[in-house]
Amino acid sequence: MAQPAGHRAQQPCTNGPVQNQLMHPSDGQGYSPSVPGLYSPQMPAKVPPHQPFGQYNYSGTQNVSQLNNYQGPGQTLNRPPVAPFPGSPVQPAGPVPQVLPPTLQNSAAVSSAAGFPPGASAAALSNWQYGQAPASQPAGSPASHVAHVAGTGSAQPPTLTGNTNPPGSHQYPASPGGPPLQNSYMKPGSVPPPVSQPLTPLHPVRPPLGPPPVGGPPLIRPSTMVAGPPHTQTLLNSAANREGDAAPAASDGSVVQNSYDAIEGGGLVGTPHPSPAAPNLKMNRSVGYSYPTLPPGYQNTSPPGAPGMQPSALQYPDGAKHFHQPALGTNHLTAPMAGLSLQQEGLRPVNLLQERNILPTTLLKAPVPNLHEDIQKLNCNPELFRCTLTNIPQTQALLNKAKLPLGLLLHPFKDLSQLPVVTSSTIVRCRSCRTYINPFVSFLDQRRWKCNLCYRVNDVPEEFMYNPVTRVYGEPHKRPEVQNATIEFMAPSEYMLRPPQPPVYLFVFDVSHNAIETGYLNTVCQTLLDNLDLLPGNTRTKIGFITFDSTIHFYSLQEGLSQPQMLIVSDIEDVFIPMPENLLVNLNENKELIQDLLKTLPQMFTKSLETQSALGPALQAAFKLMSPTGGRISVFQTQLPSVGMGALKSREEPNQRATAKDIHLTPSTDFYKKLALDCSGQQVAVDLFLLSGQYSDLASLGCISRYSAGSVYYYQSYHHKHNPIQVEKLQKELKRYLTRKIGFEAVMRIRCTKGLSIHTFHGNFFVRSTDLLSLPNVNPDAGYAVQMSVEDSLTDMQVVSFQSALLYTSSKGERRIRVHTMCLPVVTALSDVYLGADVQAITGLLANMAVDRSVSATLSDARDALVNAVIDSLSAYRSSVLSIQQPGLMAPYSLRLFPLYVLALLKQKAFQTGTNTRLDERIFTMCQVKNQPLVYLMLMTHPSLYRVDNLTDEGALNINDRTIPQPPILQLSVEKLSRDGAYLMDAGSVMFLWIGKNCGQSFITQVLGVPNYGSVPQNMTHLPELETAESIRTITFISWLREQRPFFPILYVVKDDSPLKSSFLQNMIEDRTESALSYYEFLLHIQQQVNK
C-alpha cells in the first residue's frame, strides 16, 4: 500500500523553530510531507466479512495472521478486497488542479542530509544573534515550504501534481451555516449558551462525487484544494478555516481557497486575494484581506461586572467631536523617567561581586511596562502573555546593541477564574490585518476606529454601537471587547469548515511482559474508571482502546454485547482496522461495557511472556482509527519499541552521556515525526506516557507528541512495588490530564504591530504557512515562545501591540476564539531597553533557544551560547550605558539575576555536563523547557528554598478560610542552611524537606510525628496529618505550593545520611559541584570576559 515513487512532489516543511540566521536548522528540516514510502498514512480499513458476534472472545486464540486470513475460532476467512469506509469521499473524475504552495518568506533551502548546510561549521556558531536574518540569508535558514533541489542548494517552489491531499481523508459535509448562536444576554456567572440544534453525525454518508476509484485510496474532491504542503491540505480541519486572509489567487489567476491561512476568522471564502510576490523576503504580515458582510442583531453576552470592565479608561473631551480619542501617545505614556523613583531603581548599577544578597525574598514579579496607568490597567496579564523587553527598541540596530533577545512567552489556554465571553454574530476585526478589536485601538469618532497593528481606519459596525453591559447605544469604546485585553468569542458558523468535532479519546496500552511487570495498567485503568464521568465532553463523546505487544489488540464495544470482544491483528507490517464501526463508541451509551473492559484489562495479560513491543504499528492503527474525526490518542509505553515500523535500538552509552559526541539528542528515525505530521493533518494529537527504567530513546519517541501538539510524561523507573511513590504521582497527574479542559482542532496566530516580525517558534505544534500554529489539541498546561525582530524602524510610534488568537473547538462542541492583546512602549535610548528587561522571560527564551542549539549542534555549543548571552549583554551595558567606569562586575538592576539564572540553566539536567544524567532524563527535561509555561520553567531552573521549622502566621495569605504561611525565599547555598532548622526546597516537579541534625524537637515530633531525629525513616515521602499548629501550617504550605501547578511534585524527606542528599545539594545553584562553577566563580569568569 506504499505510495509509488514520484507519486507527489517532495516538499520540505518545518515545525518551528523557523531558524534565525545563526541557529542551525533543527533535525529533519528537509522532511518531505508527501506520503512516506514506509507506510501509507491513511489507508481504508480492510473490513472483514460480518461474523456472528459470539465468534470473538477473550480466549486469545483468534488471530489475523500474515494479513491474508482473518481467523475466527475454527474458521479461516479470506481477506476481503480493500474498500473504503462507508462515508469515505471518492475520487472525482477529471484532472486535479495544480497548486503552487506559498514559499516561506525569509528562507532558503537547507541540506536535509545532516541538519547542517553544506560547508557550515557547528563550532563556529557559538554565539546567538537575536536579530532577524537579512534578505541574503546564509546557510542554516529554514526550509519550510521550499523545495530542496538535491545538490544545488537552491530553493524552487515545487509544482504539486496529482492528489495533494492525504488519501482516504474523511470529511464532514460543509456546515449549512452552523448551529445558530444565542443572542440573548447572559446573566452573571451563567455558562455560554448551548448549541441549539443537533450536530451532524460522526460518520455521515455522503453521496458519491463521481465514479468510484479504479485503484488506490480515495481522494478529496478538487474544490477543497488549498495551497500549502501536501499533508497539510485536508479540508478536515475546521481549525483551518479563517484565520487571516481569504483565498489567495493561484499562479494562473484562478482563486484557490487557502483554508489554513484563512483560519481563525476573516474574509469571505471565495474572495480573490492577490498572491504575495515570491521575491519579497520580508516576513509575512497579512494585509489586504476582504471583510465579510456583517449580519445584524449583534448582542454581546459577556457577563456584566467581569474583571477589567471599568468605564473606559480613554477619556473623551466634551465638544463637537464627542468620540475623539487621543492616540496612545504622549498623554498616555508616563512622564520622562528622571522624576520616577521606580525608574531610577531599575537603572541603578549593581556590582554583582559585592552585592551578594540580590535574590528577592518573595517570588519575582514581571516588570510593569512604562505606560500610563489607564492603559496599563487594561493590559494583558503577564502570566498569559509577556515580552522579554517591556520597552521595545525603536530599531533593530538598537536591539542589536543591547545584545538581548526580543521575544514573547505565552500561556494562551491557561485556566482562568474569570473570562469575559462574547456571544455574537459579529466579531469586529481590522479589514486589513485581521486584528481583533481590543483595548488599544483608537476611536477617531463614533463610527470609525484605527487598528493598533496596521493603523488602517475601519468602520464601526452598527451592531457594535450598542453596549450590552451598560445597555447604552452609542458607546462602542465601552464595550467588553475594548475593555478587556483577554476575551473569548463564541465563533459564528463562518469560522467552521465542518461541524465541530466530538471529543474522541483513544487509549493505547503497552501490555508486553515488561509493561505488566511494572503494574502501571492497574493504576491507569483504575484512575480512568474513577474519572470516566469527568472526561471533558458531551453526549457525543467517544472512547476506544487498543493494546499491543508484538501484535495489536482491538476491543469491540458494540452496544448490545454482553462483554467486550477482543480482535487480534498479528500482521504488523500492514496494519488494518478489523471492525472500525465498533472500536470507537459513544461513552454514555456504552458505559457499562467500557467499565467492564477497564476492570478486566489489567488481569488479561498477567501470564503473558511476550517481551516484544510493536509501538509503531499500534500508533499507525490508532491514527487510522482516529483520522475520520480527529481527537486525542494517549499512548502508554514502557520500553524501547522492538518490532515493526518505528523499531529502535539502544543508543545510550553510560560512560559517554555528556561527551562531545552527544549526537543522540536527535531522533534515530523520522518515522515518529512523519506519523505526527500525518496526525496533525487529521486533527489528531498524541500524548506519550513513558514509564521505563531502561533507555527508551525519548529523543525519537518524543517526536510523536512534539509535532502533533501533544504532551510527554516520563516516569523514570516506574514500578508499583519497587518505586511506590511514582504510583501516587502517576495517579495525580493522570487525573489532572483526564479532567482538565481541552480544545480540539485548534490553530493559533500571533500578530504584532507593523515594523515587528516573528521569525522563530518554540513549543509543541506544527507550523503551517509561516505563522500559523496547528494545534490538534490545546491544553491549559502548555506554554509557547516566539522570537522576534524589528524589521522596520518604529519611528513615530510610541507604543506597539501584540495579539495572539487561538481558535479551537471546546469539549462541548462550541467553536471559540480566545484573544490576548498586550501593549508596550517604544524607546529610543539603550538605557531604556535595559530598564525594561524582563530577566525571567529572557531566561525562558534563551532556554528554548539552547535546546534547539543542543539538538542542531552540540550541548557544549548551547552552553557556550548561554554564557555568551550574559557576557555580551553586560559588556554592552558597561561600554554604552555606564557613564562612569567602575571596578567589579556591573549590571543594571533589571538584569541583576541574569548571571544567576543562566548558571542555574547550566546546572539543570537539560544542559549540565557529567555522566550522572540519563539520556532520556535529559531529553525529557528539554521537552519540558520547550512546552512548560514560564512560571514552571523558572521554578524547575531555579528552585525556591524556605525555612519551615519556624513558620508563623505573620504575613500569611488567607484563601478560602485557610491561613497559608509565606516564609521568605532563601539563596540556594548551603551557607543558608542551619543544622538547627528544617528547609523545604521546591524544585517544581520535586520537593525536598531537609532536616538538620540538630533540628528542634518540636518540629520532629509535631510535624514529622516521630520521637527523635534518628527515628525519621530513610524513605519518608509523606508528612502525617497531626492535630498540631506546626503540622497544620507545614502541610497547608506544601499543599498550597502543589496546587499552583498541573503536575504532582513528590516530597522527599532528606537527612544528612540520606542517599537523596546529593540530589538536594545538586539544586544548590550557588555552590560548586563536581562539574560546575559556584556562583561567585561564575561571576569572576563573566567579569574576566567583560573586561577583555
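The values are calculated or read from the model by the stated rules, or taken from the named source; none is laboratory data. None of the values given here were measured: they were computed from a predicted structure. Every residue, glycine as well, gets a Cβ built from its backbone with ideal geometry; the counts of neighbours run over all protein chains shown. To get the accessible areas, we keep the full protein, side chains included, count just its heavy atoms, and leave off ligands, DNA and RNA. Shrake-Rupley method; radii C 1.70, N 1.55, O 1.52, S 1.80 Å.
Send over a whole-number figure in Å² for the accessible area per residue of region 733-885, probe 1.4 Å. Walk me through the intermediate numbers first.
Numbers: 2870 Å² over 153 residues.
Here the per-residue accessible area is 19 Å².
Can you bin region 575-628 into rounded, prolate or oblate? Criterion: square roots of the alpha carbon gyration tensor eigenvalues sorted a ≥ b ≥ c, rounded for a/c under 1.5, prolate for a/b above b/c, oblate for the rest. Walk me through the intermediate numbers first.
Numbers: a/c = 2.86, a/b = 1.08, b/c = 2.66.
Cα axes put region 575-628 in the oblate bin.
Express in whole angstrom the spacing between the alpha-carbon centres of region 371-408 and region 514-593.
Cα centres, region 371-408 to region 514-593: 48 Å.
Which peptide among 1072-1078, 364-370, 768-774 comes first, and what is the full order, when sorted by highest mean count of other Cβ atoms within 10 Å?
Numbers: 1072-1078: 14.0, 364-370: 17.6, 768-774: 26.1.
For the peptides 1072-1078, 364-370, 768-774, the packing ranking is 768-774, 364-370, 1072-1078.
Leaving out ligands, DNA and RNA, and with a 1.4 Å probe, what % of the accessible surface on region 670-752 is carbon or sulfur?
That share works out to 49 percent.
Per 0.36 nm of contour for each residue apart, how much would the distance between Leu882 and Gln1088 grow if the chain were fully extended, relative to their Cα-Cα spacing?
Working: separation 206, 0.36 × 206 = 74.16 nm, distance 1.76 nm.
Here the segment from Leu882 to Gln1088 would lengthen by 72.4 nm.
So what's the gap between the Cα centers of region 927-960 and region 429-448, to the nearest angstrom?
40
Can you order the peptides 962-968, 694-700, 583-589 by their average number of other Cβ atoms within 10 Å per residue, highest first?
Put in order of decreasing packing, that is 694-700, 583-589, 962-968.
Which of rounded, prolate, oblate describes region 517-600, given a ≥ b ≥ c as roots of the alpha-carbon gyration tensor eigenvalues and a/c under 1.5 marking rounded, otherwise prolate only if a/b is larger than b/c?
Because a/c hits 1.5 or more and a/b fails to exceed b/c, region 517-600 counts as oblate.
Residues of region 983-1092: accessible area per residue at 1.4 Å, in Å²?
Result: 44 Å² per residue.
Answer rounded, prolate or oblate for region 688-741, using the Cα gyration tensor with square roots of eigenvalues a ≥ b ≥ c: rounded when a/c is under 1.5, else prolate when a/b is larger than b/c, else oblate.
oblate
At 1.4 Å probe size, with the rest of the protein present, what percent of the exposed accessible area of region 767-864 is carbon and sulfur atoms?
44
Using a cut-off of 15 Å between beta-carbons, work out the net charge of the residues near Pro405 (Lys and Arg +1, Asp and Glu -1, Pro405 not included).
Taking every other residue near Pro405 into account, the sum is +1.
How many percent of the accessible area of region 392-533 is carbon or sulfur, using a 1.4 Å probe?
Ligands and nucleic acids excluded, carbon and sulfur reach 45 percent.
Students often forget the sequence filter, so: which lysines lie under 20 Å Cα-Cα from Lys1092 once same-chain residues fewer than 8 apart are removed?
Lys401, Lys403
Any idea of Met566's accessible area? Nearest 10 Å², probe 1.4 Å.
Near enough 10 Å² of accessible area.
So how do 1012-1022, 433-443, 598-608 stack up, highest first, on mean other-Cβ count within 10 Å?
Ranking, from highest mean packing down: 433-443, 598-608, 1012-1022.
Per-residue accessible area for Asp445 at 1.4 Å probe radius, Å² rounded to 10?
Asp445 exposes around 50 Å² with every protein chain in place.
Using 0.36 nm per residue, how much length does the chain from Ile1035 to Leu561 gain when fully extended, once their Cα-Cα distance is taken away?
Working: separation 474, 0.36 × 474 = 170.64 nm, distance 4.86 nm.
Difference between extended and current length: 165.8 nm.
Can you work out the accessible area per residue across region 604-730, with the rest of the protein chains kept in place, probe 1.4 Å, in square angstrom?
Value for region 604-730: 30 Å² per residue.
Using a cut-off of 21 Å between alpha-carbon atoms, which lysines can reach Lys976, once sequence neighbours fewer than 8 places away in the same chain are excluded?
The qualifying lysines are Lys907, Lys997, Lys1055, Lys1061.
Can you sort Leu905, Leu609 by 1.4 Å-probe accessible area, starting with the largest? Please list the in-between numbers first.
Numbers: Leu905 0, Leu609 145 Å².
Correct descending sequence by accessible area is Leu609, Leu905.
Run the quick spin-label model on Ser717 and Gln1001: label points 7 Å from Cα toward the beta carbon, then report their separation in nm to one decimal.
Here the modelled spin labels are 3.6 nm apart.
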